[in-house]
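Q: I am attaching a structure below and will ask some questions about it afterwards.
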Amino acid sequence: MKIRAHKRILLFLKDLQGFLMDNQGDLKLPELLKHYTDSELREMIHFIYQDSWSKNALGFMERKALEELILTDYQVLLWTIHKFEAQMTASPEYSQDEIDSFFKRTQNEMHYLASKPVTEWDSYDYSNYRSLMVKTGTTKKVYAIFTSDVLKADVYAVTTKPSYFFDTRAEAETELSNIIASDEFKFTADDLVIHSLWLLT
């Protein structure tokens with residue numbers, strides 16, 4: 001799915017959030033919750049009640065008890081928006097566990113990278129791994145606007161991720177021009193830069 005399509009859906013979800021905040025939703029919770037796994041319910045409850053329920057405590061709860069903790073479709077929507085936003089900014093990880101999981105999940109454990117420790121990878125290996133992720137629909141190339149002090153090599157290391165990603169460089173350049181022309185942000189052309197990066201799909 002294109003980034004712009006994600007943004008459209010997110011806009012509808014946030015509009016629905018405003019509606020459900022003030023009105024009782026019409027969705028039937030038992031029917032809605034059938035579409036979530038136990039693991040997702042635990043994650044949802046932990047998100048909703050972070051100060052009350054630990055992941056460890058939720059791990060011992062049976063499904064019926066989990067469902068009873070989710071009271072409204074509004075809570076389900078809040079978690080859905082949270083997950084959707086996180087998905088839009090999720091970048092590939094290069095930890096050994098993540099790489100092992102990728103090759104197992106894609107049934108490609110005979111690939112040379114599956115048996116080569118990630119600590120020994122060079123730029124050619126990383127390029128091959130990204131190509132495999134693209135071919136399997138796991139990742140896609142997007143563009144983002146960073147402050148000019150962020151180097152290409154550091155796009156995954158920045159602590160504050162960009163607020164928006166773009167499907168094409170042209171879309172990013174248009175947004176960059178709008179930011180520079182705006183009186184609100186006070187940026188010049190030297191203050192910002194566009195970098196490409198890979199996001200998980």
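What follows is calculated from the coordinates using simple rules that are stated; it is not laboratory data. Predicted model, so just to flag it, every value in this text is computed and none were measured. Quick reminder, even Gly has a Cβ in these numbers, built from the backbone with ideal geometry, and neighbours come from all protein chains shown.
Q: Based solely on its DSSP helices, what 222 nm [θ] is calculated for the chain when runs of n ≥ 4 H residues each add -39,500 (n - 2.57) and the sum is averaged over all residues, nearest 500 deg cm²/dmol? Can you show the working numbers first?
A: Values: 9 runs with 99 residues, N = 201.
The per-residue figure over the chain is -15000 deg cm²/dmol.
Q: May I ask you to evaluate 6.51 cos²θ - 1.76 cosθ + 1.60, the Karplus curve with θ = phi - 60°, for each residue of segment 113-118 and list the ³J(HN,Hα) values in order in whole Hz, giving x for glycine and proline?
A: Once θ is set to phi - 60°, the couplings for segment 113-118 become 6, 5, 10, 9, x, 4 Hz.
Q: For Lys7, go through the lysines and keep the ones whose alpha-carbon is under 17 Å away, minus same-chain ones fewer than eight residues off.
A: Lys83, Lys140, Lys141, Lys161
Q: Can you give the longest stretch of the chain with no exposed loop site, where a site means GluC sites (Glu not before Pro) in a DSSP loop (not H, G, I, E or B) with at most 15 other C-beta atoms within 10 Å?
A: Numbers: sites that count: Glu62, Glu93, Glu109, Glu184.
For GluC sites (Glu not before Pro) (loop position, at most 15 other Cβ atoms within 10 Å), the longest site-free span of the chain is 110-183.
Q: Let me ask something else. At a threshold of 8 angstrom on Cα-Cα distance, excluding pairs fewer than six apart, so keeping six or more, what relative contact order does segment 133-201 reach in percent?
A: RCO, segment 133-201: 53 percent.
Q: In Å³ and rounded to a whole number, note down the convex hull volume per residue for the Cα atoms of the chain.
A: 179
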